[in-house]
Amino acid sequence: MSDATRRPPAGLDTSVANVARMNDYYLGGKDNFAADRKAAEEVLALAPEVRTMAREGQAFMIRAVRYLLDEGVTQFVSLGVGLPTRSSIHYVAQELVPDARVVYVSTDPVVLSHARALLATNPATAVVEGDILHPRELLADPGLRGLVDLDRPVAILIASALQFIPDEDDPFKCVAVLRDALPVGSCFALGHVVFERRPEVEDPIVGIYRRILGRDEGAGRSSQQVLRFFDGMELVEPGFVYTRDWRPDNPLTVQGRDKTWSMVGIARKTEG
């Protein structure tokens, strides 16, 4: 289907690139428009491995959900989600634990529209409008509270949203507010790009996303800076590592491949 015949949600400006649709393009999806593809190709011209990184991030979240279910956590809140796919959190979780609860959180009208249409008949899944920068409002949201029991452990999944939020917005404090509000046993699964392996592309790539998001500040961070998001929690093995190295399904598949530069980790709240 061409851009001309595809029908976006009413009021949506498809002439402006969108981060979620760019990620859809990296993953080979079809829910994107010319502006998204143009911006994504700008990024890929600088770092072709970004397409691989998108796939690795999706694969990590699948492994993370399976790990968390094995640990007895059956409630998931996914923040800054992309467009829904067959690898979405609820598909993975509810295939293994049918009554697992999943709440998707986004401010992106494209994501909200797609997700609500897809999940309209799934009573164990909800879609709410919100973001990590308003953690108290998020936890008070009726849609979230109607599905998630905040007296039981919750898994907070933030695949990539933090890498777009500059320090000026204090995302570290926002994560800490969520951490402090949740019960012992809750877990955080976080992903974030870092540029130690490709310092030469940091400024131009951060600049592209800054332009798309209409921000004056960038959000590039080193691995040591990203570790601050896990303050007050206990990182589970293997710690904060490059995405493909976090408990790969087959360790042999990660050997000898081109280096990518996104990192992930899961941490557990162990003290009240």
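The values are calculated or read from the model by the stated rules, or taken from the named source; none is laboratory data. The structure presented is a predicted model; accordingly, all values stated were derived computationally and were not measured. Cβ: placed from backbone, ideal geometry, glycine included. Neighbour counts: every protein chain shown.
Values as computed for the structure displayed
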| quantity | calculated |
| --- | --- |
| Residue within segment 152-165 that is more than 26 Å from N18 (Cβ to Cβ) and surrounded by fewer than 20 Cβ atoms within 10 Å (Cβ to Cβ) present | yes |
| Segment 36-55, residues that are among the acidic types (D, E) and more than 20 Å from the chain's Cα centre (by Cα) | E41, E42 |
| Leading residue by the ranking (surrounded by the fewest Cβ atoms within 10 Å (Cβ to Cβ)) among those in segment 214-251 that are of a type in the set (D, E, K, R) and under 25 Å from D169 (Cα atoms) | D216 |
| R63, sole failed condition from (1) closer than 29 Å to D36 by Cβ; (2) part of a loop (DSSP other than H, G, I, E, B); (3) at pLDDT 85 or above | (2) |
| Test: R101 is more than 26 Å from I208 (Cα to Cα), at pLDDT 95 or above and in contact with a helix residue (DSSP H, G or I) (Cβ under 9 Å, 6 or more places away or on another chain) | yes |
